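First comes the structure, then the notes that go with it.
Just so you know, all these numbers are worked out from the coordinates, no wet-lab data involved. Everything numeric in this text was worked out from a predicted model, so none of it was measured. No Cβ is skipped: glycine too gets one built from the backbone with ideal geometry, and neighbour counts run over all protein chains shown.
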Amino acid sequence: MMQARWHIENPVDCPLVAAINIVGGKWKPIILHILGTRSMRFGELQRSIPPVSQKMLTQQLRELEADGIVERRVHDGKPLRTDYSLTALGASLWPVLQTLYDWGQQLVEHKAAA
């Protein structure tokens, strides 16, 4: 595949860099992978990722929401219920994340065999 000239002139404009800037980080890939299965309440999501702190999970969800990848819905009622799900844009990431997951599985197996 031939790279466009702007990759060399201004790598910040690279679509790959733009994508990695949105989904990169310690917790975002796992958050997106989990939300790809179903929408979840904050507490459910936090229990699904035990090492993540409440503060960090909140921050990561806010960033993903600001980027249009995750949607936060507040449901009326008592008690007030809030859940998180992937937007259409976020759902379009699911096949990419699944491919990356499969590649990671091969990597883990390769390292174990070495």
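Database remark: amide H of ARG41 closer than 5 angstrom to the amide H of TYR84 (H placed geometrically; neighbours at sequence offset of 5 or more, or on other chains; Pro and chain starts carry no H).
Only Cα pairs under 8 Å and 6+ residues apart enter the sum, and on that basis the relative contact order of the chain stands at 24 percent. The charge dipole of the chain, taken about the Cα centre with unit charges on the Cβ atoms of Lys, Arg (+1) and Asp, Glu (-1), comes to about 460 debye, rounded to the nearest 20. Counting pairwise Cα distances across the chain, what percent come out greater than 24 angstrom? Tail of P(r) above 24 Å: 38 percent of Cα pairs. Partners of LYS78 within straight-line reach, counting lysines whose Cα lies under 29 Å from its Cα and excluding those fewer than 8 residues away in the same chain: LYS55. Label zone of SER39 (point 7 Å out along Cα→Cβ, amide N under 12 Å): in the range 49-92 this covers 71-76, 81-88. Take the Cα of ASP76, step 7 Å toward its Cβ, do the same at MET56, and the gap between the two points is 3.8 nm.
Summing charges over neighbours of ASN21, with a neighbour being any other residue whose Cβ is under 15 Å away from its Cβ, gives -1 when K and R count +1 and D and E count -1. One decimal place: the segment ARG47-LEU89 gains 12.6 nm when fully extended, by the rule 0.36 nm per residue minus the C-alpha distance.
Counting Lys and Arg as +1 and Asp and Glu as -1 over every other residue whose Cβ lies under 13 Å from the Cβ of MET40, the net charge comes to +3. Measuring between their Cα centroids, the range 94-113 and the range 18-42 lie 16 Å from each other.
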